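S.K.: The structure's right below; bear with me while I get my questions together.
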Amino acid sequence: MSGGHLRLHGLRKSYGTLEVLHEVDLEVRPGEVTVILGPSGSGKSTLLRLVNHLEKVDAGFVELDGELVGYERRTTRRGEVLRELKEKDVLRQRTRIGFVFQSFNLFPHLTVLENVVEAPVSAQGRRRADVEPEARELLTRVGLADKADARPRQLSGGQQQRVAIARALAMRPSVLLFDEPTSALDPELVGEVLDVIRDLAHGGTTLVVVTHEIGFAREVADTVVFMDAGRVVEQGPPDQVLSHPRHERTQAFLAKVL
Ligand code: ADP
Ligand code: MG
């Protein structure tokens, strides 16, 4: 994995009259881990979907490794304008941004190995023979080498989520986004998924993780971002944001989840 420098600048997003993101700036440097915390409805998932261009920004931009996501800059007589990229270019960009959801969304009819192999072959046009050994390595990395031939329904939720992580990594993304990756899991399965994410963090993968797991944030994050009502209220090193929050809203949130 190379690159992984993510920059969000002045992001705004509304749904109808509801302004969901007010003006969000965020920078995640290569190899850094950013954990986003915040109450339900504060705009965390929307933020991740804008990064991936699954939703369109109303204003501002997302840049990955110096390249705009979803748009290109065009110089016209009126000056510089942003023009939306064609679907196929957006899809190409999206392969560099791995996304792991709360619900694992594995293909139920495919084996575990096939789930991991599928996208690099179909979306990136890579040769199956090259992808398969890499997929097996990734399954080993997430502790599931022996499940390659199983179907998703034969696995626990924690195992399925680890397959989803392997599948995201198979695209060799520059950055990996996690949206509450352990929220749908039984409590006893949360640890095994966090262990995998922790390994990725230590391995230098650029990560953005939305989670309510404060202990994980404290241990793994380089930067903790607290969002509320569509704004970044506070951000900084875990010790600062989690142990010495400056803002009343951060304090109130932490008092509830800790
Ligand atoms: P979080 O992930 O922090 O819980 P979300 O980003 O999911 O927050 O949602 C932020 C706000 O935007 C919520 O009020 C939610 O109801 C609203 N919202 C999210 N997606 C849509 C959508 N597609 N249409 C209308 N409102 C939406
Ligand atoms: Mg959410």
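S.K.: Most fluctuating residue of 34, 206, 46 in a GNM of the chain with Cα springs under 10 Å: which is it?
M.R.: Comparing 34, 206, 46 in the GNM, the peak value goes to 46.
S.K.: Given a 1.4 Å probe and every protein chain left where it sits, what share in percent of the accessible area of the range 151-195 is carbon and sulfur? Provide the component values of the computation, followed by the final result.
M.R.: On the way: 640 of 1600 Å².
With neighbouring chains kept in place, the figure for the range 151-195 is 40 percent.
S.K.: How large is the convex hull of the Cα atoms of the chain per residue, expressed in Å³ as a whole number?
M.R.: Details: hull volume 35.6 nm³, N = 258.
Taking only Cα atoms, the chain has a hull volume of 138 Å³ per residue.
S.K.: Also, quick follow-up: Within 13 Å, Cβ to Cβ, of residue 98, how many net charges do the neighbouring residues add up to if Lys/Arg are +1 and Asp/Glu are -1?
M.R.: In short, +3.
S.K.: Order the peptides 194-203, 246-255 from the highest to the lowest mean number of other Cβ atoms within 10 Å of their residues.
M.R.: Numbers: 194-203: 17.6, 246-255: 14.7.
Put in order of decreasing packing, that is 194-203, 246-255.
S.K.: Right, something else. Compute the accessible area per residue over the chain, keeping the other protein chains in place, probe 1.4 Å, unit Å². Please list the in-between numbers first.
M.R.: Working: 12300 Å² over 258 residues.
About 48 Å² of surface per residue is accessible.
S.K.: Please figure out what share of the DSSP beta bridges in the chain is antiparallel and state it in percent, rounded to the nearest 5.
M.R.: Close to 60 percent.
S.K.: Amide H neighbours of residue 206 under 5 Å, at least 5 residues apart or on other chains, H built in the peptide plane: list them.
M.R.: 31, 176
S.K.: Next question, about the same structure. Which stretch or stretches of the range 5-27 have amide N atoms under 18 Å from the point lying 7 Å from residue 229's Cα along the Cα→Cβ direction?
M.R.: Residues 12-15, 17-25 fall inside that zone.
S.K.: Arrange the peptides 51-58, 80-87 so that the one whose residues have, on average, the most other Cβ atoms within 10 Å appears first.
M.R.: On the way: 51-58: 18.1, 80-87: 11.2.
Ranked from most to least packed, the peptides come out as 51-58, 80-87.
S.K.: Pulled fully out, how much extra length does the chain show between residue 199 and residue 243, if you take 0.36 nm times their separation in residues and subtract their Cα-Cα distance?
M.R.: Working: separation 44, 0.36 × 44 = 15.84 nm, distance 2.42 nm.
Gain in length upon complete extension: 13.4 nm.
S.K.: If r is the Cβ-Cβ distance from residue 183 to residue 78 and R0 is 51 Å, what FRET efficiency results, to the nearest 0.05?
M.R.: Working: r = 46 Å, r/R0 = 0.90.
The formula returns an efficiency of 0.65 here.
S.K.: Cα to Cα, under 21 Å, and not fewer than 8 places away if on the same chain: which lysines meet these conditions relative to residue 44?
M.R.: 13, 56, 256
S.K.: Using the basic label-point model (7 angstrom from Cα toward the beta carbon), what is the residue 110 to residue 95 distance in nanometres?
M.R.: Here the answer is 1.4 nm between the modelled labels.
S.K.: What is the distance, in nm, between label points placed 7 Å from the Cα along the Cα-to-Cβ direction at residue 14 and at residue 58?
M.R.: Those two pseudo-labels are separated by 0.4 nm.
The values are calculated or read from the model by the stated rules, or taken from the named source; none is laboratory data. The structure displayed is predicted, hence computed values, not measured ones. Glycine gets a Cβ as well: all are built from the backbone with ideal geometry, and neighbour counts include every protein chain shown. Quick note on the areas: whole protein, heavy atoms, side chains included, nothing else; ligands and nucleic acids left out. Shrake-Rupley method; radii C 1.70, N 1.55, O 1.52, S 1.80 Å.
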